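The values are calculated or read from the model by the stated rules, or taken from the named source; none is laboratory data. Only a predicted model underlies this, so the values are computations on that prediction, with no experimental measurement involved. Please note: Cβ atoms are built from the backbone with ideal geometry, for glycine as well, and neighbour counts cover all protein chains shown.
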């Protein structure tokens, strides 16, 4: 099992840098309805992406395949998601807000890691990429989105929801190489 997400609770196996092995870790993200639900749904996909990268590393999948998967996910999911957050959410923060500043900084760090992956894909960079994606999602869900829901008026939240509904992200799901799933060679049945 790579990840199970149910009611905002994500159980996943996380690659431990120290022991070079997979360990079970629980990540909680608050359940969302309405205004920010679309962005939260994309975050759940992001947690699954991070766990798939870790599973690929555990299974010694080719770094080239993992790099290609990371770039595909960056182009088809993360980059459009960042644009949505930066265009739709950031204008709702007061100038100098520390949560907005942290979001921008982490988006920039993730962009830099994508460049590093292009220059030299290695296990360390892929692990760092998966870790940063997960940590960033947890921050946004548990701190930033919670702040928005508390501090913005109903009218502001409805405006965000309307924008997200009018300009939904069309996320591609055309990656076919399921390196994170283990097959039994004798029966060709999924085991993971």
(request) Please work out which residue is farthest from residue 136 (Cα to Cα), limiting yourself to segment 53-63 and to residues that are surrounded by 17 or more Cβ atoms within 10 Å (Cβ to Cβ) and either out of contact with any strand residue (DSSP E or B) (no Cβ under 8 Å at 6 or more places or on another chain) or free of Cβ contacts under 8 Å to residues at least 40 places away in the same chain (or both). (result) 61
(message) Looking at segment 116-128, can you tell me whether even one residue there is within 30 Å of residue 66 (Cβ to Cβ), outside any helix (DSSP H, G or I), touching a helix residue (DSSP H, G or I) at 6+ places or on another chain (Cβ under 9 Å) and touching a residue at least 40 places away in the same chain (Cβ under 8 Å)?
(response) yes
(request) Quick one: in segment 64-74, of everything that is surrounded by 18 or more Cβ atoms within 10 Å (Cβ to Cβ) and either in contact (Cβ under 8 Å) with a residue 60 or more places away in the chain or touching a strand residue (DSSP E or B) at 6+ places or on another chain (Cβ under 8 Å) (or both), which residue is nearest to residue 124 (Cα to Cα)? (result) 66
(request) Could you tell me which residue of segment 28-63 is nearest to residue 125 (Cα to Cα), considering only residues that are in contact with a helix residue (DSSP H, G or I) (Cβ under 6 Å, 6 or more places away or on another chain) and at pLDDT below 85? (result) 29
(request) Pick out the one residue from 128, 148 that is within 19 Å of residue 54 (Cβ to Cβ) and either buried (at least 16 other Cβ atoms within 10 Å of the Cβ) or modelled with pLDDT of 90 or more (or both). (result) 128
(request) Test residue 82 against the stated conditions and say whether it is out of contact with any strand residue (DSSP E or B) (no Cβ under 7 Å at 6 or more places or on another chain), in contact (Cβ under 8 Å) with a residue 24 or more places away in the chain, surrounded by 18 or more Cβ atoms within 10 Å (Cβ to Cβ) and in a helix (DSSP H, G or I). (result) yes
(message) Scan segment 12-24 and tell me whether some residue there is crowded, with 18+ Cβ neighbours inside 10 Å, over 15 Å from residue 131 (Cα atoms), modelled with pLDDT under 90 and more than 13 Å from the chain's Cα centre (by Cα).
(response) no
